[in-house]
Amino acid sequence: MSAALWSQELGLRPVILESESEAGGQLLSTFNPITNYLGVEAGNGTELRDLFTRQLEERGLRPFLGDPVVGIDPVKMSVRLESGKTVRARGMIAAMGVRRRRLGVSGEQEFVGRGVISSGKRDAPGAYGKDAVIIGGGDAAFENVLIIGEFARSVTLIHRREGFSARDEFVEKVRAHPKALIRTNCAVRSIDGDDRVTGVTIEDLATGDLARVPAEIVLIRIGVEPNTDILNGVVDLDPAGYVMVDRDCRTSRPGIYAVGDCAFPASPTVSTAVGSGATAAKSLHTWLNR
Ligand SMILES: Cc1cc2nc3c(=O)[nH]c(=O)nc-3n(C[C@H](O)[C@H](O)[C@H](O)COP(=O)(O)OP(=O)(O)OC[C@H]3O[C@@H](n4cnc5c(N)ncnc54)[C@H](O)[C@@H]3O)c2cc1C
């Protein structure tokens with residue numbers, strides 16, 4: 001949205017293509033207040049999204065919704081949409097963000113909404129008096145132990161390695177939490193249940209032993225991966241799939257730029273997305289007028 005706003009500001013005619021039926025990306029699943037975006041405070045991500053879309057609408061900018069980009073032709077500078085339509089332009093700015101990484105085990109999809117929850121902040125009250133399992137070893141996993149631990153009877157954090165990438169302050173708080181238990185060197189092999197989740201099966205990676213951890217609530221926080229599949233072979237990606245960009249948000253392909261979380265994994269924030277969007281629009285404008 002920032003890239004579109006700045007493109008228009010510079011006299012270009014931006015077209016915003018969004019795969020979902022609603023614009024907003026990760027802001028739509030942000031249920032915490034956003035207090036770290038300079039100049040604006042919002043009660044949650046949707047509120048901030050509303051401010052963004054209102055500003056775009058006042059400029060006559062509305063995203064085309066519900067039609068994912070499924071292919072990019074960098075020579076013709078065109079994209080193909082799932083509906084079969086083709087959109088041509090003089091340049092492109094990729095802002096496809098990231099998605100939550102999946103475990104890829106049985107039960108993960110089947111029990112969504114029936115014990116497998118997607119947001120600790122939103123769904124924690126539903127864990128009242130229940131046993132919960134959180135899978136992961138980063139900030140998000142540890143933070144959610146603390147959030148869900150306010151309501152649940154017990155929270156078990158399961159992590160496949162010995163060490164954690166989470167901040168020490170989170171790890172220390174979880175270690176001291178009376179209801180929290182940490183199990184390291186364990187991989188989740190399945191999420192089990194009947195109508196609803198009843199537990200997870202874990203494998204001790206040192207011994208190969210399988211064990212069952214009873215739980216009615218499961219939250220998976222094992223990181224994110226970029227939505228850059230359609231850019232594979234079009235521009236250079238790093239080994240994790242993030243778009244490689246220079247300081248002007250240029251990719252390896254002239255005329256194609258990348259911004260936000262899909263290009264800046266070290267700083268996945270609204271501020272970076274908004275700032276890099278403006279940078280890319282400026283760069284694209286300069287390139288078109290070269
Ligand atoms: C729970 C949570 C809390 C957060 N809290 C904060 C916070 O407090 N402060 C902060 O600064 N940041 C926070 N963030 C991070 C922030 O939301 C992201 O950094 C920001 O949304 C990144 O914006 P983006 O435009 O790069 O990507 P996204 O928000 O991921 O948007 C990408 C968009 O591209 C669309 N898309 C993807 N592929 C295609 C395709 N092929 N065709 C068409 N459209 C496509 C997606 O549907 C999506 O709408 C939080 C994130 C989460 C999940």
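Some notes on this structure:
- Whole-Hz ³J(HN,Hα) from phi, Karplus 6.51 cos²θ - 1.76 cosθ + 1.60, for the range 261-278, glycine and proline x: 4, 6, 10, 10, x, 6, 9, x, 9, 4, 4, 5, 4, 5, x, 5, x, 5
- Karplus-derived HN-Hα couplings along the range 6-19 (A = 6.51, B = -1.76, C = 1.60, θ = phi - 60°), whole Hz, x at Gly and Pro: 6, 4, 5, 3, 8, x, 8, 10, x, 10, 9, 10, 10, 6
- For the pair the range 1-30 and the range 70-105, the centres of their Cα atoms are 14 angstrom apart.
- Under-5 Å amide H pairs with R167, H placed in peptide plane, nonlocal only: D139
- Estimated D of the range 1-141 in µm² per second, where Rh is the Kirkwood radius over Cα pairs and Stokes-Einstein applies at 10 °C, 1.306 mPa s: 88
- The H on the amide N of R253, modeled in the peptide plane, is under 5 Å from the matching H of D236, each at least 5 residues off or on a different chain.
- Within the range 175-272, the trypsin sites (Lys or Arg not before Pro) that combine a DSSP coil assignment with at most 12 other C-beta atoms in a 10 angstrom radius are R196, R247.
- Of all lysines in the structure, the ones whose alpha carbon falls short of 21 Å from that of K85, not counting any fewer than 8 places away in one chain, are K76.
- Residues considered: M92, M77, M244. Largest GNM mean-square fluctuation over the chain, using C-alpha springs under 10 Å, is found at M77.
- Comparing A211, A273, L56 along the charge dipole axis of the chain, the residue lying farthest to the positive side is L56, per the Cβ-charge model.
- Whole-Å semi-axes of the range 116-220's equivalent ellipsoid (Cα gyration tensor): 19, 18, 10
- Taking amide H as placed 1.01 Å from N in the peptide plane, the amide H of G199 sits under 5 Å from that of D192, A215, each at least 5 places away or on another chain.
- Whichever lysines have a C-alpha closer than 21 Å to that of K173, once near sequence neighbours (fewer than 8 apart) are set aside: K121, K130
The numbers here are math on the coordinates, done by the rules we state, and not lab data. Just so you know, these numbers come straight off a predicted model, no measurement behind them. Glycine gets a Cβ as well: all are built from the backbone with ideal geometry, and neighbour counts include every protein chain shown.
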